[in-house]
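*Asks:* I'd like to ask some things about the structure below.
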Amino acid sequence: MPSVEVNHISKTFGSVRAVDDVSFVVNPGEIFGLLGPNGAGKTTTIRVLLDIFKPDAGSVSILGGAMTEAKKNLIGYLPEERGLYQDISLDRCLTYLASLKGLNPGEAHQRIGEYLERFDLASVRQKKVKELSKGMQQKAQLIVALVHQPDLIIIDEPFASLDPINTQMVKDLLLEQRSRGATILMSTHQMHQVEELADRFVLIDHGQAMLYGELETIRRDYSSNDLLVRATTPLPPLPGVIRTEPHNGAVKLSLAPEVSPQEILGMLVARGICVEQFEIAMPTLDEIFIRVVQGRKEDKA
Amino acid sequence: MSKFWRVFSHEYARHVLRKRFIFALVSMPLFISVIMAISIFSAVTQTNFSPIGYIDHSGFLANPIYPPETQGMLERTVKLIAYPDEASARQALEANKIQAYYVLATDYLETARADLVFVKEPDNEVQNQFITFLTTNILTNQPAAVRDRIASGNSITIQSLDGSQRMSESDWFNILVPILSGVLFFIVILTSGGYLLQAVVEEKENRTIEIVVTSVSPGQLMAGKIAGNISVGLTQLLVWILFLLVGILIGRNTIDWVQRIQIQPSYLVLMALTLLPTFVMIAALMAAIGSMVTEMREAQQISGLFTLPVMIPYWFTAAIMTNPNGPLAIGLSYFPLTAPVTLVLRAGFTQIPTGQLVINLLVLAAAAVVSVWLAARTFHMGMLNYGKRLSWRQVFGKSTPTL
């Protein structure tokens, strides 16, 4: 049974079609990426699947059916528009929000204490939220999303305005949650973050799903006949190579369609070149995204 | 504990446990006590209780009966000194031994002529004491009942046919009861309404609303918020009533008119029946405003549209007092926003016809239900409208909420 099943949902606000016939499935225990540029319809999609908005068309199944009050306790949510009660102490704020997820005060107090220690916030737990730095508040919001050990975690732009140390901490935390068995739906416009973490993804642009599937399969589908080669000496001209260009300390070779990578490797070995790196040049998600969006524009034109 | 109670206790505790709230709670009765103390102090210190002299040419005060001497804080007996002639009295006046003297003519018992000589005219209270002294001595030979009756003077009491309403000259302070009840009512309703307004706008302003609505149903959330903030208002009301009762208990022993304060149980029942739907109506309207707007300042401006009409009956207090069953009073009782204070004022001065009262309370209850519906609708439509105010057309238009 999928954790989330979105079937052909559409949502319009006035004259703007924010989501247009989007479908995808999130499997239990995976990290799933919901990708797209700003304004693509990611947040609207999340709000539809969390039952904040009703879709104009299509249906959503979450943890095996429609959203219920009981299921809200099984879901952790870090919204893009983040916020906490500013005028009360961090401890009270977190305890209240945890209690709304069904934790009793004792449980909430204990788990919040553990997270505060881990996030280095224990010393400020009695301070008013408004007295905390932005980074501290961001970490506190993450505690709200995770404290009740949800089965499904939905996080919208988790790395926004985080420094590199905290970004790494969030990544580690997400991987830890996955190994605990939680399903994670991560929405972001930062494609490279998804490359590191997600197993599968859907890419949305202008409310429509442009790409959907396993990360590696899609990258392979979009890879061209290019190689990345790093050698101890400069590469000589090779037959079958149309173009060469430097690429992050290596050389990117564009091959003619009838030439295979094995033939090139054979030529390099035959010429006694010491090869340090030899790989098929897979496109990054950013490159794939640009190609998809440009292709769409050309189709429209 | 259900999530309703969690929201309720959070909303209640976040106000009641604040220093600001406790300060406001205690400062109001303290402020009134200080004002009263200053008024009493200034009244006492401004009245001159130094002796009064008199010269009795008529001779009927040969064996005078002086009033018993009292030296209370508010009521003190002025010492009366008899002088044989005007020269000695004038001398005493000039020497500041007395503040004034009366000269009773030889035919005083026939003409009741008495001249008062003073440098600064004595206060009414002082003059009344001398008049009482004269009356007592004139009536010396009369039976005690006649003497007391004449001394007490006229006392007109107006009473409603069923005896539930009563007003007399000596019960003047009972007029204040409905007026002060209305003021108390107004302050408490607006305070809890204001708290609710703040609670809803704050969640939009600080963006917590999205986390909250994915944890608890909007219905439970709004119900918990409204009940929590109404309870804050009721706490305030109860504490103030407690202060008032303590004040009355203390005042009973020292201030005469406090002993005669009368509050009918039926009046308290009417207050309760009016208070509850009004609380819900104002609270729901505040929640609706909070959901519509994006900032607290804007919310406060719009809330004035609903809170000012609550005060309107005070502009017509005199008209409502003189004609509590007139068209104006009845009209204001039918309009939900002006009904609460009007009903409380009217009930203090008249017996509101039962049929009218039932309709008024039903209208108030219906208004409360409509307000809750409006609050829920506005909340659904406006909760995620960050930085964008809902238009009146959107709120009252045909379109259904997005949720």
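The values are calculated or read from the model by the stated rules, or taken from the named source; none is laboratory data. Note that the coordinates shown come from a computational prediction; the quantities given were computed from them, not determined experimentally. Every residue, glycine as well, gets a Cβ built from its backbone with ideal geometry; the counts of neighbours run over all protein chains shown. For accessibility, only protein heavy atoms count, side chains too; no ligands or nucleic acids. Shrake-Rupley method; radii C 1.70, N 1.55, O 1.52, S 1.80 Å.
*Asks:* With the crude spin-label approximation of a point 7 Å out along Cα→Cβ, what separation in nm comes out for B:T111 versus A:N27?
*Replies:* Going by the 7 Å Cα→Cβ label model, 12.2 nm.
*Asks:* For chain B, what number of Lys pairs, 8 or more residues apart or on separate chains, have alpha-carbon atoms under 25 Å from each other?
*Replies:* Lysine pairs meeting both conditions in chain B amount to 12.
*Asks:* Could you work out the relative contact order of region A:81-146, using alpha carbon pairs under 8 angstrom and six or more residues apart, expressed as a whole percent? If you can, show how the numbers build up before the last one.
*Replies:* Values: 56 pairs, mean separation 32.0, N = 66.
Worked out over region A:81-146, it gives 48 percent.
*Asks:* Above 15 angstrom, tally the Cα pairs of region B:319-376 and express them as a % of all pairs, no decimals.
*Replies:* Numbers: 762 of 1653 pairs.
Within region B:319-376, distances greater than 15 Å cover 46 percent of Cα pairs.
*Asks:* Over all alpha-carbon pairs in chain A, figure out the percentage whose distance exceeds 32 Å.
*Replies:* On the way: 18104 of 45150 pairs.
Of all Cα-Cα pairs in chain A, 40 percent lie more than 32 Å apart.
*Asks:* Could you tell me how many cubic angstrom of Cα convex hull volume region B:55-117 has per residue?
*Replies:* Details: hull volume 6.3 nm³, N = 63.
Dividing the Cα hull volume of region B:55-117 by its residues yields 100 Å³.
*Asks:* What residues qualify as long-range amide H neighbours of B:A100, i.e. H under 5 Å apart, gap of 5 or more or another chain, H built at 1.01 Å from N?
*Replies:* The list, which skips near neighbours in sequence, is B:G53.
*Asks:* Tell me which aspartates and glutamates have Cα within less than 16 Å of A:K171's Cα, excluding those fewer than 8 residues away on the same chain?
*Replies:* Within the straight-line limit of under 16 Å, A:K171 reaches these aspartates and glutamates: A:E30, A:D156, A:E157, A:D163, A:E195, A:E196, A:D199.
*Asks:* Tell me the Kirkwood radius of region A:224-281: reciprocal of the mean inverse pair distance over distinct alpha-carbon atoms, in Å. Don't jump to the answer; show the numbers that get you there.
*Replies:* Values: mean 1/r = 0.0891 Å⁻¹.
Every distinct Cα pair counted, the radius reaches 11.2 Å.
*Asks:* Further question: Which of the GluC sites (Glu not before Pro) across region B:192-237 are loop residues per DSSP, with 11 or fewer other Cβ within 10 Å?
*Replies:* On the way: sites: B:E202, B:E203, B:E205, B:E210; in loops: none.
Filter output for region B:192-237: empty list.
*Asks:* If the label point is 7 Å along Cα→Cβ of B:L161, which residues in region B:337-359 have backbone nitrogen under 17 Å from it?
*Replies:* Once the point is set 7 Å along Cα→Cβ of B:L161, B:350-357 turn out to lie under 17 Å by backbone N, inside region B:337-359.
*Asks:* Now, a different point. Where Rh is the Kirkwood radius over the Cα pairs of region B:5-150, the temperature 20 °C and the viscosity 1.002 mPa s, what D in µm²/s does Stokes-Einstein return? The partial results should precede the final answer.
*Replies:* Details: Rh = 19.1 Å.
Calculated translational D: 112 µm²/s.
*Asks:* Carbon and sulfur atoms: what percent of the 1.4 Å accessible area of the protein assembly as shown do they account for? Write out the running numbers ahead of the final one.
*Replies:* Details: 20450 of 34400 Å².
The C+S portion of the solvent-accessible surface of the protein assembly as shown is 59 percent.
*Asks:* Continuing with the same structure: What is chain B's relative contact order, in percent, from Cα pairs under 8 angstrom and six or more apart in sequence?
*Replies:* Working: 464 pairs, mean separation 68.4, N = 403.
Taking the mean separation of contacting Cα pairs over the length of chain B, I get 17 percent.
*Asks:* Here's a follow-up. Which of the trypsin sites (Lys or Arg not before Pro) found in region A:81-188 are loop residues per DSSP with 16 or fewer other Cβ atoms within 10 Å of their Cβ? Each step should come with its number before you reach the end.
*Replies:* On the way: sites: A:R82, A:R92, A:K101, A:R111, A:R118, A:R125, A:K127, A:K128, A:K130, A:K134, A:K139, A:K171, A:R178, A:R180; in loops: A:R82, A:K101, A:R125, A:K127.
When the trypsin sites (Lys or Arg not before Pro) of region A:81-188 are filtered for loop state and at most 16 Cβ neighbours within 10 Å, A:K127 remain.
*Asks:* Okay, next question. Provide the solvent-accessible area of A:Y77, counting protein heavy atoms only and rolling a 1.4 Å probe, rounded to the nearest 10 Å².
*Replies:* Surface open to solvent at A:Y77 totals about 10 Å².
*Asks:* Taking a quarter of the surface of the Cα convex hull of chain B, what do you get in nm²? The partial results should precede the final answer.
*Replies:* Values: hull surface 108.6 nm².
Orientation-averaged projected area of the Cα hull: 27.1 nm².
*Asks:* Here's another thing I want to ask about it. For region A:166-301, what size does the Cα cloud have along each of its three principal axes, sorted from largest down, in whole Å?
*Replies:* 51, 43, 22
*Asks:* Can you give the local net charge around B:H15? Use residues other than it whose beta-carbon is closer than 15 angstrom to its beta-carbon, Lys and Arg +1, Asp and Glu -1. Spell out each step's value before the answer.
*Replies:* On the way: positive: A:R92, B:R14, B:R18, B:K19, B:R20, B:K225; negative: A:D87, B:E11, B:E202, B:E203.
With Lys, Arg at +1 and Asp, Glu at -1, the neighbours total +2.
*Asks:* Distance from the Cα centre of region A:132-173 to that of region A:35-104, in angstrom?
*Replies:* Comparing the Cα centres of region A:132-173 and region A:35-104, I get a distance of 14 Å.
*Asks:* Once you have the Kirkwood Rh of region B:261-394 from its Cα pairs, apply Stokes-Einstein at 25 °C and 0.890 mPa s and quote D in µm²/s. All intermediate terms of the calculation are to be shown ahead of the outcome.
*Replies:* On the way: Rh = 16.0 Å.
Rounded, D is 154 µm²/s.
*Asks:* To continue, here is another question. So for the protein assembly as shown, what are the equivalent ellipsoid semi-axes in whole Å, largest first, each being the square root of 5 times an eigenvalue of the Cα gyration tensor? Don't skip to the end; give the middle numbers.
*Replies:* Details: eigenvalues 1492, 146, 76 Å².
Gyration-tensor ellipsoid for the protein assembly as shown: 86, 27, 20 Å.
*Asks:* Let me ask something else. List the pair-distance distribution P(r) of region B:201-256, using every Cα-Cα distance, as the percent of pairs falling in each 5 Å bin from 0 up to the bin containing the longest distance, rounded to whole percents.
*Replies:* Final binned percentages: 4, 16, 14, 15, 10, 8, 8, 7, 6, 6, 4, 2, 0.
*Asks:* Using the Cα atoms of region A:81-146 to build a convex hull, what is its mean projected area in square nanometres?
*Replies:* Working: hull surface 15.9 nm².
So the Cα hull casts an average projection of 4.0 nm².
*Asks:* Sticking with this structure for a sec: Can you give the average number of partner chain beta-carbon atoms within 10 Å of each beta-carbon in peptide A:81-90, as a whole number?
*Replies:* Working: counts 10, 5, 12, 4, 8, 4, 5, 5, 0, 0.
Per residue, the number of nearby Cβ atoms from other chains is 5 on average.
*Asks:* While we're on this one: Evaluate the relative contact order of region A:123-202 (contact order divided by residue number), counting alpha-carbon pairs under 8 angstrom at least 6 apart; express in whole percent.
*Replies:* Working: 44 pairs, mean separation 24.7, N = 80.
Contact order relative to length: 31 percent.
*Asks:* Follow-up. Would you work out the charge dipole size for region B:47-153 about its Cα centre, treating the Cβ of every Lys and Arg as +1 and the Cβ of every Asp and Glu as -1, and quote it to the nearest 20 debye?
*Replies:* Values: 8 positive and 13 negative charges, 42 e Å.
Charge dipole of region B:47-153: 200 debye, to the nearest 20.
*Asks:* Only Lys, Arg, Asp and Glu count, each charged at its Cβ (+1, +1, -1, -1), so figure out the dipole size of the protein assembly as shown about its Cα centre, rounded to 20 debye.
*Replies:* On the way: 59 positive and 63 negative charges, 88 e Å.
That gives a dipole near 420 debye.
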